[in-house]
Structure formats: structure tokens, C-alpha cells
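The structure appears right after this line, and notes come after that.
The values are calculated or read from the model by the stated rules, or taken from the named source; none is laboratory data. This structure is a prediction, so every number in the text was calculated from the model and none was measured. Backbone-built Cβ (ideal geometry, glycine too); neighbour counts: all protein chains shown.
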Amino acid sequence: MKQSTAAAAICLSLLAGCRHAEEKSATPPPVLAEEVHSPKANSPQPYYYGLVEEYRTILEEDPKNFAAVVALGNAYFDSGHWQEAIRWYERARTLNPRNPDVLTDLGTAYRNAGEPARALAQYRRALELEPGHVEAHYNMGIVYAYDIRDYAVATRMWEELLRIAPNHPHAAYVRSSLALFKKRLKKDAQ
């Protein structure tokens, strides 16, 4: 009896393993980062291929599903496909124009796509909606410091960030950068 029970258990586990292997092979393999960013790639294929397909399926059934639209934007954002991220964040913005997180992510996607002025417009809108939005302050400081090279405005943005969130994850970086910006401003004033 014990032998037949053991044999049945082994058969069931083998069948389950075969079925699981078949299900796995039906799922496309993840795209390697080198392939995503390769100039040979014909079209943007985010690293999170399975997630993208899942969100697209959800949106086919419910095109106004805000969470799925944002998640799709995030998947493209995380894989460095800025134009696709912008497209989906813009769609999310039409569904909910008062979401400061979406506006901040949209701004960062614009910044990474080489459009700092459009990035700043989104950060400003996020701060109008939520004046204490720390990531909007942080990212605005980045754009002013490194894209526009307006260290005075970058300093104001990051000083406000540290006032609001003294333990921000990038606080040490922000503090050391502020010291450099202030030296630069002092030197430029002489």
C-alpha cells in the first residue's frame, strides 16, 4: 500500500512538473537588458515583458483602469523606454490630472527623454497640487542643477527638500551637492 501511494505521489509530481514546464515554455522569456538597449532592437521591448503584456490585457478589457495605465507607464519607465513611459503617463494624467506621483514620474520621463522644460512643468504642477511632494522637489533640483545649471534655484529646491524630509534617501548626496552649489555661487558672485 505504501509503495502504491509513493508511486502515485511520484507520478503526480512528474505530471505537475511537466505541466509547469509546458506553462513556462508558453511564456516568453524575459528580455535581457543588453537586448532592450541594443541599437539593433527593432522596437522597444521592456525588461518587464510579462508585466507589460498583463497590463495591456487588462487595458483591453478596461481602457480607463488608472492603476493599469500607471503600472504600464512604470514598466516602460523602469526599462528606460522614455517615450512609451511618457505616452502612458500622459494617458494616466488625462484619467486623473490631480495625481502628483504621476506628474512627477511624467516629469522624470520627460527629463530622461531630453526635455527638461517639460519636466519642470510637470514638477511645478505636482507641487501646486501637493506643496510637500518630496520627489518633485528632489527631481526639480536635479533638472535645475544638471540640465539648466541654475544652482541658485537648485539650492532652493533642495534646501526645501531637506526641510520637509531631512531623512530623504538621497539626503547625504543632496547635502554634499548643496555645499558644492553654494561654493560655485559664491565663486560666481566674486
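Residue under question is Gly114, and the condition is that it be on the phi > 0 side of the Ramachandran plot, surrounded by fewer than 17 Cβ atoms within 10 Å (Cβ to Cβ), at pLDDT 95 or above and outside any helix (DSSP H, G or I); does it hold? So Gly114 fits the description; yes. Are any residues in segment 78-104 among the aromatic types (Phe, Trp, Tyr) and either within 18 Å of Arg125 (Cβ to Cβ) or more than 16 Å from the chain's Cα centre (by Cα) (or both), and if so, which ones? Correct list: Trp88, Tyr89.
Filtering segment 69-87 to residues that are free of Cβ contacts under 8 Å to residues at least 24 places away in the same chain and under 14 Å from Leu51 (Cα atoms) leaves Ala71, Leu72. The condition of being touching a Pro at 6+ places or on another chain (Cβ under 8 Å), in a helix (DSSP H, G or I) and hydrophobic (A, V, I, L, M, F, W, C) holds for only one of Ala145, Ala126, Ala109, that being Ala126. Out of all the residues in segment 158-178, which are part of a helix (DSSP H, G or I), small (Gly, Ala, Ser) and within 23 Å of the chain's Cα centre (by Cα)? Residues satisfying the conditions are Ala171, Ala172. Where helices (runs of 4 or more DSSP H) sit wholly within segment 20-104, those with at least 2 residues that are modelled with pLDDT of 50 or more occupy 49-61, 66-78, 82-95.
Within segment 76-96, being crowded, with 23+ Cβ neighbours inside 10 Å and of a type in the set (Gly, Ala, Ser) holds for Ala85, Ala92.
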